[in-house]
1. Kindly evaluate Phe527 against the criterion of being touching a helix residue (DSSP H, G or I) at 6+ places or on another chain (Cβ under 6 Å) and either within 25 Å of Tyr69 (Cα to Cα) or in the same structural domain as Pro349 (by TED's automatic domain parsing) (or both).
2. Restricting the first residue to segment 236-255 and requiring it to be of a type in the set (Lys, Arg), which pairs with a second residue that is not in a loop (DSSP other than H, G, I, E, B) meet a Cβ separation below 8 Å and a spacing of at least six or different chains?
3. Residues to consider are Ala323, Ala339; find the one that is in the same structural domain as His553 (by TED's automatic domain parsing) and modelled with pLDDT of 80 or more.
4. Looking at Leu507, Leu439, Leu459, Leu466, which one is surrounded by fewer than 24 Cβ atoms within 10 Å (Cβ to Cβ), free of Cβ contacts under 8 Å to residues at least 12 places away in the same chain and in the same structural domain as Ser529 (by TED's automatic domain parsing)?
5. With the condition kept exactly as written, say whether any residue in segment 30-37 is surrounded by fewer than 21 Cβ atoms within 10 Å (Cβ to Cβ) and over 17 Å from Leu223 (Cβ atoms).
6. Which residue out of Val245, Val221 is in a helix (DSSP H, G or I) and over 25 Å from Ala557 (Cα atoms)?
7. Do any residues in segment 554-566 that are closer than 15 Å to Leu345 by Cα have Cβ atoms under 9 Å from those of residues that are at pLDDT 80 or above and outside any helix (DSSP H, G or I), where the two are at least six apart or on different chains, and which pairs are they?
8. Sort through Ala353, Ala329 and tell me the only one that's under 14 Å from Val492 (Cα atoms) and surrounded by 21 or more Cβ atoms within 10 Å (Cβ to Cβ).
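The values are calculated or read from the model by the stated rules, or taken from the named source; none is laboratory data. Quick caveat: nothing in here was measured; it's all calculated off a predicted structure. Cβ atoms come from the backbone with ideal geometry, glycine included; neighbour counts cover every protein chain shown.
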Amino acid sequence: MLGPVLLLSLMGFAVGPLLVAWGRGRRAPSSFIDGFTLGVVPALLLLHLVPHVVDEVGAAGLALVALGYGVLWFADRRAHHDDDRLGAAVVLPALVVHALGDGAGLAMATAAGEHHGSVSAGLGVALVLHRLPEGLFLATALVPAMGWRRAIPRLALVASATVVGALLGSALLARIPDAVFDAVAAFGIGAMLRLATHRHGRVSPTAGTKALSAAAFLGGVGLATWIPDPDSVLRHARPHELSFVESLGPLFVETAPSMLVGLLAASAVQTWVPRRVAGWLSGGASLSQALRGVVFGVPLPQCSCGVLPLVRSLLAAGVPVAAVAAFAAGTPAVDVGGAVFSFRLLGAPLAVARIASGLAVAVVVALVVAWSARNVTMRVSLRAAPAKALMRPVLRWRDTPADELPPADHAGRVRYALRRAVGPTLDHVAAWYVVGLCLAAAFEAAIDPARIASLGAPLDVVVAALAGVPLYMCAQGATPFAAMLVHKGASVGAALAFVLVAPGTNLPVIAAIRRALGNRAALAYAFASLTASVLLGVAVNALVPRSAVPEMHHLVAHTHAWWELACAAFLAAVLVRSLVRLGPRAWFAAMAPAEPGDRSEPHAH
């Protein structure tokens, strides 16, 4: 019985390369395959493989996943396209090890079924579905980097490893510690996540191919969710906690009204605020420039990812350092939509503290950076582009063409604001909002509250602030995660420090400042932001009680009113519309900074 089931597994693996060969060079099939791969591969890795690795080796497995992702990310920053070549070298051994384990598991499951007199037909179907994304991913990772001639032997190696695992896997597994397999698999999973989510030259140039890619993406996520999972990771949770499924849907319904209000508020500010005030930033002393930088950034529809290119433009155009630093630190932290969103998840006292603290941190950071860079010569190269061209997106205060600026009449401006609220304003934060909710739901199911509570204040404030630096989260993504931190036992000051640091004090912005002003200014930016955020978090612990933050279980468990359900349905519709309009690559590109020379999918702005 092993032979037919093994054949089904190999057929499932072969479907992926066949699909890639069929779609290569053809616009519509390529868009479909790209969207499907982007949906099914990360979802399969995160839902099926990462939980298994974490169960086997604990937090070290998660660290290895992050390391595998980080190695390829660093390679891409050093030399464009090197991550594809390095990724092929890293992923192949991991998939060979995984195929050995798959083959051994297939043999043992088949033997157990024969012992009991039957082999489930669902086993073959499950393995076909499981191997299809694997073959699809490997073909899309190898073929662009090395071509079919060199890719086919490597595909055959992984397929052969399945056969070897089925025939000799039990003996191999008995001789090699499970930890070795799990460590190799964990590192490979991180590399696969990087390759699957970051592709060069995968642009969907037409509305039709973007819509097709979006439909394929949703289908891929659905398939990965539907594939049988014996561990039921989506429905599994720690005692007395909610599972991913139990918390995600109610959390979405609960936050939908405030999310929509935030989008409308941000769009309204963008519509009615004057446009051409960039020259105003250079007036006055450092304190005045810092305050102007904060005021300048508040109405802009920019999350962390959008701030980075504007920081480069402002520095290159000669805007004072204090104004630029205040803009970089304050704009994401005091985002209008994120601030409105905070009132529902964090409660009014902590939301007000977030806004006031964000303004204070921005001013403090600006003054410290200006002082540290007072004798530094600007190292931003204007190249051949004039300052006016570099400043154009800032001068207009938005990323729309000149013929799409607000009309003069009041009714026209209202229609314009509504259109932007569910258009470009939503596009900036849509992916982070969805990912933030998913992270919060996963955090709720997987993390033991005792571990968070054991840190205690003020240590948890320091840990939360440091954790926010590498995460590079938009305000709409950081807010539900911060609310879940409080629910798990962290102090309100820890939540505040996280939402201050994660959107504004991230590695790409620090790197941009280092390139322009040197190491001293970059260290001053990071140190001032972290120190101010921690001190404000400690102060808020003394002023805002934990009871002021809505209890998460009560928040998601109560019966929702009809208008909340209506808001959730409308928000879901505009989120899908945003995904279809942009295509999944550009939709998720809003979560990442645009690097110079980046040829990947255009930014969602």
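1. The answer is no for Phe527.
2. Partner pairs satisfying both residue conditions: Arg238/Ala445; Arg238/Ala446.
3. Just one listed residue meets the conditions, Ala323.
4. Checking each option against the conditions leaves just Leu459.
5. Taking every residue of segment 30-37 in turn, at least one turns out to be surrounded by fewer than 21 Cβ atoms within 10 Å (Cβ to Cβ) and over 17 Å from Leu223 (Cβ atoms).
6. Val221
7. From segment 554-566, the pairs are Val556/Leu242; Ala557/Leu242.
8. Every option except Ala353 fails the conditions.
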